[in-house]
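K.L.:
Sharing a structure with you now.
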Amino acid sequence: MTDRLDIPRERKRRFRLPRINLQSEGVGRASESFARFQGTPQFLVYLTVFVIVWLAWNSWAPEAWRFDSATLGFTVLTLMLSLQASYASPLILLAQNRQDDRDRVSAEQDRRRAVRNHAEIEYLTREIASLRIAMSEVATRDFVRAELRDLLEEIREEEKHSSLRDHEQNNNHLERDKRS
């Protein structure tokens, strides 16, 4: 044992693959687009055509050209479809998780917008109520007209009474003058 405990041991350099950031937006978008494509009728048609061509080739092509044996149950085709399914499931889950995150953000923004709208509606309601209260204290055109009509009626009645009084006074003066 020649290793000393007071000196750090040198690490052996191993070959390492470069790290790929799998959390990046580009990887997420690519996986989402692939998952979306797998859910389209176009993908189902392509996969059906691929399987039909595979089965036809490996069933009716010359024996030397076949690469997947029908006697073994098309093992390579089964493995390829299993591989495709094993990749499709996590990609679909990844797309769903990303959609859930977007929905969560959208719901939070909608909630904030609703709270803000509610506060604005309450403010406007209070303003309308205060305007109604203020308007009840303000003389409206109809109120002023009604008051003016009442005053005009009072003035006419007063003129009528005053003209009657004047007429009576004139009659009283004439009678006095006749007596005298």
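The values are calculated or read from the model by the stated rules, or taken from the named source; none is laboratory data. All values reported here derive from a predicted model rather than from experimental measurement. A quick note on method: Cβ atoms are made from the backbone with ideal geometry, for glycine too, and the neighbour counts reach across all protein chains shown. SASA here: full protein model, heavy atoms, side chains in, ligands and nucleic acids out. Shrake-Rupley method; radii C 1.70, N 1.55, O 1.52, S 1.80 Å.
K.L.:
Which of S24, W57, A35 sits farthest toward the positive end of the charge dipole of segment 1-61, with +1 on the Cβ of Lys and Arg and -1 on the Cβ of Asp and Glu?
P.N.:
With unit charges placed on the Cβ atoms, the residue in question is S24.
K.L.:
Let me ask another. Could you state the accessible area per residue of segment 25-180 in Å², with a 1.4 Å probe and every protein chain left in place?
P.N.:
On the way: 13100 Å² over 156 residues.
Here the residues of segment 25-180 average 84 Å² of exposed surface.
K.L.:
Scan [x] 16.0; [y] 17.6; [z] 28.7 for the value of Kirkwood radius over Cα pairs in Å calculated from this model and give just the label.
P.N.:
[z]
K.L.:
At what distance in nm do the modelled label points of V49 and S33 sit from each other, each positioned 7 Å from its Cα along Cα→Cβ?
P.N.:
That separation, rounded to one decimal, is 2.1 nm.
K.L.:
Using the crude model of +1 on Lys and Arg Cβ and -1 on Asp and Glu Cβ, and no other charge, please compute the dipole size for the chain relative to its Cα centre, in debye to 20.
P.N.:
1820 debye
K.L.:
Using only the heavy atoms of the protein chains and a 1.4 Å probe, how would L152, L72, L44 rank by accessible area, largest first?
P.N.:
The residues order as L72, L44, L152, largest area first.
K.L.:
If you stretched the chain out fully between R165 and V138, how much longer would it get, using 0.36 nm times the residue separation minus the C-alpha to C-alpha distance?
P.N.:
5.8 nm
K.L.:
At Q42 and F67, where each label point lies 7 Å from the Cα along Cα→Cβ, what is the point-to-point distance in nanometres?
P.N.:
Spacing of the two 7 Å Cα→Cβ label points: 2.6 nm.
K.L.:
Heavy-atom accessible area of L91 with all protein chains present, probe 1.4 Å, nearest 10 Å²?
P.N.:
40 Å²
K.L.:
Within the accessible area of segment 1-56, what % is carbon and sulfur when the probe is 1.4 Å and the other protein chains stay in place?
P.N.:
Here carbon and sulfur together make up 61 percent of the probe-accessible area.
K.L.:
Across segment 147-159, in residue order, what do the Karplus-derived ³J(HN,Hα) couplings come to in whole Hz, using 6.51 cos²θ - 1.76 cosθ + 1.60 with θ = phi - 60° and x for Gly and Pro?
P.N.:
5, 5, 4, 4, 5, 4, 4, 5, 5, 4, 5, 5, 5
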